[in-house]
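J.: Below: one structure in structure tokens.
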Amino acid sequence: MPDIEAGTPEILKVPKHLGIIPDGNRRWAKRRGLPVIEGHRQGYRNVRSIARHAMDMGVEYVSVFGFSTENWRRPPEEVTALMGLLEWIAKRETKSLDKEGIRVRFSGKEEGLQPSIVKALRSAEDRTAQNERGDLVMCINYSGQEEIVDALKSIMSDGVDPEEVNKSTIESHMYLPDLPDMDLLVRTSGEQRISDFMPWKAAHAEFASSPRLWPDFTTEDLVGCIAEYGQRDRRLGA
């Protein structure tokens, strides 16, 4: 990563679609003797800050892994608190994001979520649908493998001839068909795996890993990741 302390690195190009796996919220809270939910609250605040900064740099889509289908296995009290935080964000934070021109979108399975949460998520989408500053895609109750399975089920339900199925057919049946391929995927807390996050869209994405826990990840860290991305030669198999 470029030395951002020596000055802002040169940005040669900016990813159109930035993916983020914001890892480390729980560890951040535990190291400070705080309840786990406080780490998640601070994590959301950082999502908002980083997304805004990314869009100011020219990023058009920011996709964030908010809650995976595997996260249901976490302690029940943590899951309950997370669902409450999610509903609060959808109901209360949408107003400020709307004022800033950010379009809010959600990707994932409605099954398993409380009806009030689904209603709040869809209301947030409707309210911000015409905004053009950038798309903030929150992946909630999401699994990349299940998204592909659901796309195939939808294709079969539509009665598409198997011989007619191609990449475009599958993409048109995914949760957000218009979402472009991911260019850069950033994961924090030093982990270096994609954990089933948008495997289809991230097929050719560049990967950047930060040692910082997500709540400590700064806009300067983001600039460093994007500067490094801009220096890479993306041959995409050529």
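J.: Computed FRET efficiency, Cβ-Cβ of VAL79 and MET156, R0 41 Å: what is it to the nearest 0.05?
T.: 0.80
J.: How large is the accessible surface per residue of the stretch 23-107, computed with a 1.4 Å probe and reported in Å² as a whole number?
T.: Heavy-atom SASA per residue in the stretch 23-107 reads 49 Å².
J.: For LYS109, go through the lysines and keep the ones whose alpha-carbon is under 16 Å away, minus same-chain ones fewer than eight residues off.
T.: Result set, ordered by chain and number: LYS119, LYS153.
J.: Additional query: Based solely on its DSSP helices, what 222 nm [θ] is calculated for the chain when runs of n ≥ 4 H residues each add -39,500 (n - 2.57) and the sum is averaged over all residues, nearest 500 deg cm²/dmol?
T.: The helix-only estimate for the chain comes to -12000 deg cm²/dmol at 222 nm.
J.: Continuing with this model, one more query. Compute the relative contact order of the stretch 94-183 as a whole-number percentage, counting only Cα pairs closer than 8 Å that sit 6 or more residues apart in sequence.
T.: 31
J.: Need one word for the stretch 45-87: rounded, prolate or oblate. Basis is the Cα gyration tensor (sqrt eigenvalues a ≥ b ≥ c); a/c below 1.5 gives rounded, then a/b vs b/c decides.
T.: The shape class here is prolate.
J.: Rounded to a whole number, what % of the accessible area of the chain do carbon and sulfur atoms account for, probe 1.4 Å?
T.: So the carbon and sulfur contribution to the accessible surface is 47 percent.
J.: Still on this structure, I have one more. Could you order GLU132, GLU60 by accessible surface area, starting with the largest, using a probe radius of 1.4 Å?
T.: If we order GLU132, GLU60 from most to least accessible, we get GLU132, GLU60.
J.: Moving on. What nm distance separates the two modelled labels at THR169 and GLU125, each placed 7 Å from Cα along Cα→Cβ?
T.: 2.5
J.: Using amide H atoms built 1.01 Å from N in the peptide plane, name the residues 5+ places from THR188, or on other chains, whose amide H lies under 5 Å from its own.
T.: Placed amide hydrogens put ILE21, ASP23, SER210 under 5 Å from THR188.
J.: If you don't mind, another one. Enumerate the calculated ³J(HN,Hα) couplings along the stretch 117-122 in order (Karplus 6.51 cos²θ - 1.76 cosθ + 1.60, θ = phi - 60°), each rounded to whole Hz, writing x wherever the residue is Gly or Pro.
T.: 6, 4, 4, 5, 5, 5
J.: In the neighborhood of PRO211, defined by Cβ-to-Cβ distances under 13 Å, what is the net charge if each Lys or Arg adds +1 and each Asp or Glu adds -1?
T.: -1
J.: Tell me which label goes with the value of Rg/Rh (Cα atoms, Kirkwood Rh) computed from the coordinates here: (1) 0.96; (2) 1.01; (3) 0.94.
T.: The value matching this structure is (1).
The values are calculated or read from the model by the stated rules, or taken from the named source; none is laboratory data. None of these values were measured; they are calculated from a predicted model. Ideal geometry is used to build each Cβ from the backbone, glycine not excepted, and the neighbour counts take in all protein chains shown. Just so you know, the surface numbers come from the protein's heavy atoms only, side chains and all, with ligands and any DNA or RNA stripped out. Shrake-Rupley method; radii C 1.70, N 1.55, O 1.52, S 1.80 Å.
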